[in-house]
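Before any comments, here is the structure.
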Amino acid sequence: MTRTAKLVTTACGVLTTIALLAPPRAGAFPAFARKYGLRCTACHESWPKLNDFGRAFRDNGYQLLMGKDDTIFETPGYWPVSVRITPQYTYTQVTNQPTDQGTKNLGSGGVGQVGMDLLMGGVLFQNVSFLVVPTGFAPDGAVFLESAWVRFDNLFGTSWANLKLGRHEVDLPVSAHRPWNLTGTPYLIYSFHANGSASNYDMGENQWGVEYMGHDRGSLNRVAVSVFNVQNSPGTENFWSTPGLYGHATHEWTFGSGAVSALKLGVFGSYTTWPTTSFTSGGTPIPGTGGNLYPSEKIGGEAQVWFGPPATPLHLIVVFAHGEDDKALIPNATQNGTFNGGFAELGWTITLKNLVFFRYDLCKNSQQGDPTLPQDLNDQNAITFGWRHTFQFSNRSEYALVAEYSTWQTMGMGANGLNTRTNQYLVGIDFAY
Amino acid sequence: MRKVLSTALSAALLSVLSAVGSAYEVITVTNGGTVQGVVKLVGQAPTVPPIKTTKNQDYCGNSIDNPLYVVGKDGGLKNVEVFLKGIEKGKANPTATITLLNTHCMFDPRVQGSSTGQQIKIASDDPILHNTHPQNNDTNATIYNIALPFKGFSVTKPLPATPELIRVKCDAHEWMRAWIWEFDHPYYATTDADGHFEIKDVPPGTYTVVAWHEVMGQKDASATVAAGKPVTVDFSFTPKK
Amino acid sequence: MKRLSIVASAFVALALAAPARAQGPGSGGDPVKGKVVYERYCLSCHGELGNGAGEFAEWITTKPRDYRQGTFKWRSTPSGSLPTDADLDKTIRDGIYGTFMPTWYAIGEHNRRDVIAYIKTFSARWKTDKPQPSIVIPAEPPYSDASVKRGRAVYEKSNCAQCHGQDALGDGPSAHELKDDWGNPIVPYDLTQGHIKCGDTGSDIYRVFITGLNGTPMPSFTDSISPEEAWDLVHYIQSLSALYPKNYGPAAAK
């Protein structure tokens, strides 16, 4: 592939990604609110982000453990299904795109981008929970499973032994499926790789595998380890052809009074593999033929601080990671590619119905696999901020109005090696039932 | 705005409460008058079916007379509480302990008056479990709930700090009922078997006299008390058909 | 990495430097902040007016507490008294088993303290009345068969069976048609279930029959059962199900 061709592909890639990015957001689950008579605010700091109570509920396997956790078969009328619909108007502009007419800024916008997620989840039997999120319709009309797992909770009577099987999101510091923003800007560090790396491993993507998770009462201490097959790697077919490993441990301090109501520190890391060769047919990898696996790694830390009254907190999240991609994954590499990155997110729940948030994402290559390339090639940064106003909530459903802006810059990947910037303006409704 | 309102409201509430709480002033009454009279039931007392006991029949029997209307000589009505409403000054409150007895699966007495500061002795004559559960008549709020698990058991408890009409139940025997009027003053009397009442040592002045019956409600009358003299106030209640 | 640990320890220091709280659990909260806590977590059941008639109340049988009378079931204080702040904190922290009242352990002490202060604004009783001193629960003697046997005798002598039934299944002669202060039907607890509504420990059972549950038919036996008898009775109740944790000291929180 020539340099230009590659750039064009990347650029188109960026555009398509954005177009498709009304990403599946497993976010909110009002079916639980209906079952337990709680408002969304009981489990969500500002939905869809969970608060301590919501986390503890989820960690207990969607159970409150008060003798009222009827299984989905027991309570007629309780239907463990939720939908989330996000009609919105988004205007997207991408700068410095190569066209036949020269370097141009491309804009596109439209109403009617309706994201819709269907969630089914609950308690099958005591201490057996499940989640199924059939999202997205592939071009051939097939529904694919965004998420599908079964969890066995409190094995041997201890909250330190829970096992999840199936397609699940690994235990990220901040769930990629519960961002405050609806714009297409993801938490960049989750999917970032050293420049040029073939690996497409995205921590935020749900993976087929097994997760062990343990926690104490109230989930102040937790640990989770997932072993999985990296999704979408070319030429792979079985569950273990491109193994990956992810781990996360946190400790939270809560304070009975004072300006800081809670502080959480954690570490996380991933070790994943990606094939570098496979047989192809018409250019498409033939499943089951991927081989020559090479690793990518990330290791990082998180710090979360909740300031102010814990019921309407100012929540600061800092996540950072150092990553390394094997040189074999990078074209023309003579050394491993390394990078550093992370994000700082600030969400202020001003009142129960109003949230403002701000996020700064930054990912920088610290060593290009191909030392001849500029050090900052494909460095990325993004700023996202917005306002969410929930205008109605009950223990049955929620409606919110959202207004957001995000800008995402990529270094040196535009036409003629220019930087590109993607600006997104979004106004929409977020409805969950 | 809301906050201002609620602050104002609670301030208002507080002042009302303190007004009620501090109303009565003790003075020496040397030559007080007496308010006396008879409370009568007009016509025939309605027939009330006896209480069917639903538990402990081996001891309580299968039925008990229902004492809602106890009529004596010349239509005199028992168990009517008569009191001087809102009296602000007078003699000191009694300090003796009042009694509420659980006997033969009923409370005795059915109606009595009391003053703040008095204590109540709750006792049982019955070889079965009773529980004496006084509640505020308006709010149903539990005042306390004491188990009297065996015969001969008794406890003495203070009455509530603020005056109120107390309805007493026994949860174990839902038919049992007693009424305790608690006042911040000592000017009240419960009619006897012939409907008589007498309220003594009343400082001269004009008062509203109230008669209260558990089913037939309240009646008011005005009475002017002269020093050292009795004044007669009679009441008559007509039962609803 | 080093920089992070500096930042982290700064935060810890900041948090710890916060004014040490003068009172015990549940005390000293701010009712204004508590209102928001209440709206966030409690409103759907206990209602905007604190009358227990939130939007979810009509769907459930054991109704959420109406706060306007200042009547609370689970207390360390004598029959009829208001509960202490620590009592409320315990109830809210651990929830009420078998009802829709969840455990609010995860919302933390700070939130609970504030919401307790707010709950108290619903009843004027909190302004005119004070909780009486908590009862003293003596240290638990060891659980033993002899104690269980003596406890059965206390159960009989105290006539718990009148409501709870001979075999403590909640089916005594007076078990039916019972009503609570709010006029809702209520049934004596089936003590063989192995988990009482509010708490797991021996002292949780102890305080129930010694102080009674205000607002319910469950009376106080403080004047008729001595502390020794009380522990025997606790052991008898614990013997009714393998699920009750035995020899579980009062100091140990679950």
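Please treat every number below as a calculation from the coordinates, not as lab data. Bear in mind the structure is a predicted one, so any value in this text is a computation, not a measurement. Cβ atoms come from the backbone with ideal geometry, glycine included; neighbour counts cover every protein chain shown.
For this structure, a couple of remarks:
- Taking chain A as a Gaussian network of alpha-carbon nodes connected by springs under 10 Å, the highest mean-square fluctuation of the residues A:Asp361, A:Asp325, A:Asp216 belongs to A:Asp216.
- Counting Cβ atoms of other protein chains within 10 Å of each Cβ in B:166-172 and taking the mean gives 4.
- Placing unit charges on each Cβ (+1 for Lys and Arg, -1 for Asp and Glu) gives the protein assembly as shown a dipole about its Cα centre, and among C:Ile225, A:Phe144, A:Ala259 the Cα reaching farthest toward its positive end belongs to A:Ala259.
- The value of relative contact order for segment C:24-128, using C-alpha pairs under 8 Å at least six residues apart, is 40 percent.
- 10 Å Cβ neighbours from other chains, averaged over peptide B:150-157: 2
- Ranked by the mean number of other Cβ atoms within 10 Å of their residues, highest first, the peptides A:261-270, C:38-47 fall in the order C:38-47, A:261-270.
- Among the helices of chain C, none built from whole DSSP H runs has Cα atoms reaching 24 Å or more along its own axis together with a mean Kyte-Doolittle hydropathy of at least 1.0.
- Structure note, pairs A:Lys49/A:Lys353; B:Lys85/C:Lys120; B:Lys169/C:Lys127; B:Lys85/B:Lys219; B:Lys40/B:Lys169; A:Lys164/A:Lys364: Cα-Cα distances above 22 angstrom occur for B:Lys85/C:Lys120; B:Lys169/C:Lys127; B:Lys40/B:Lys169; A:Lys164/A:Lys364.
- Using only alpha-carbon positions in the protein assembly as shown, the gyration tensor eigenvalues give semi-axes of 71, 29, 23 Å once each is multiplied by 5 and square-rooted (largest first).
- Peptides C:50-63, A:190-203, C:206-219 ranked from most to least packed, by the mean per-residue count of other Cβ atoms within 10 Å: C:206-219, A:190-203, C:50-63.
- Taken residue by residue and averaged, Cβ atoms of other chains lying within 10 Å of the Cβ of C:34-45 number 6.
- Taking Cα centre as origin and charging only the Cβ of basic (Lys, Arg, +1) and acidic (Asp, Glu, -1) residues, the dipole magnitude of chain A rounds to 740 debye.
- Loop-located chymotrypsin sites (Phe, Trp or Tyr not before Pro) in segment B:100-159 (DSSP state other than H, G, I, E, B) with a sparse environment of at most 16 neighbouring Cβ atoms within 10 Å: B:Phe150.
- Global geometry of segment A:136-234, whether rounded, prolate or oblate, following the gyration tensor of its Cα atoms and the 1.5 cut on a/c: prolate
- If you take all other residues with their beta carbon under 11 Å from the beta carbon of C:Thr71, and give Lys and Arg +1 and Asp and Glu -1, the sum is +2.
- Cα gyration tensor, segment A:155-296 - rounded (a/c under 1.5), prolate or oblate: prolate
- A simple rule links phi to the HN-Hα coupling: the Karplus curve 6.51 cos²θ - 1.76 cosθ + 1.60 with θ = phi - 60°, which for segment B:214-219 gives 4, 9, 8, x, 10, 9 Hz, with x for Gly and Pro.
- Net charge contributed by nearby residues that have their C-beta within less than 10 Å of A:Met66 (K/R +1, D/E -1): 0
- The listed peptides A:348-360, A:306-318, ordered by packing as a protection proxy, come out as A:306-318, A:348-360 (highest mean of other Cβ atoms within 10 Å first).
- Principal-axis analysis of the Cα atoms of chain A puts helix A:3-20 at an angle of about 20° to the longest axis.
- In order along segment C:95-100, the Karplus-derived 3J(HN,Hα) couplings, from 6.51 cos²θ - 1.76 cosθ + 1.60 at θ = phi - 60°, round to x, 10, 4, x, 10, 7 Hz, and Gly and Pro are given as x.
- Surrounding net charge for A:Arg151, when Lys and Arg each add one and Asp and Glu each subtract one, Cβ distance under 14 Å: -3
- Whole-percent pair-distance distribution, where bins are 20 Å wide, for the alpha carbons of chain A: 25, 59, 16, 0
- Most fluctuating residue given options A:Trp274, A:Trp149, A:Trp79, as computed from a GNM of chain A linking Cα atoms under 10 Å: A:Trp79
- Rounded, prolate or oblate (a/c below 1.5 giving rounded, otherwise prolate when a/b exceeds b/c) for segment C:145-253 by Cα gyration tensor: prolate
- Comparing C:Asp129, C:Asp204, C:Asp66 in a Gaussian network model of chain C, where Cα atoms under 10 Å apart are tied by springs, the biggest mean-square fluctuation is seen for C:Asp129.
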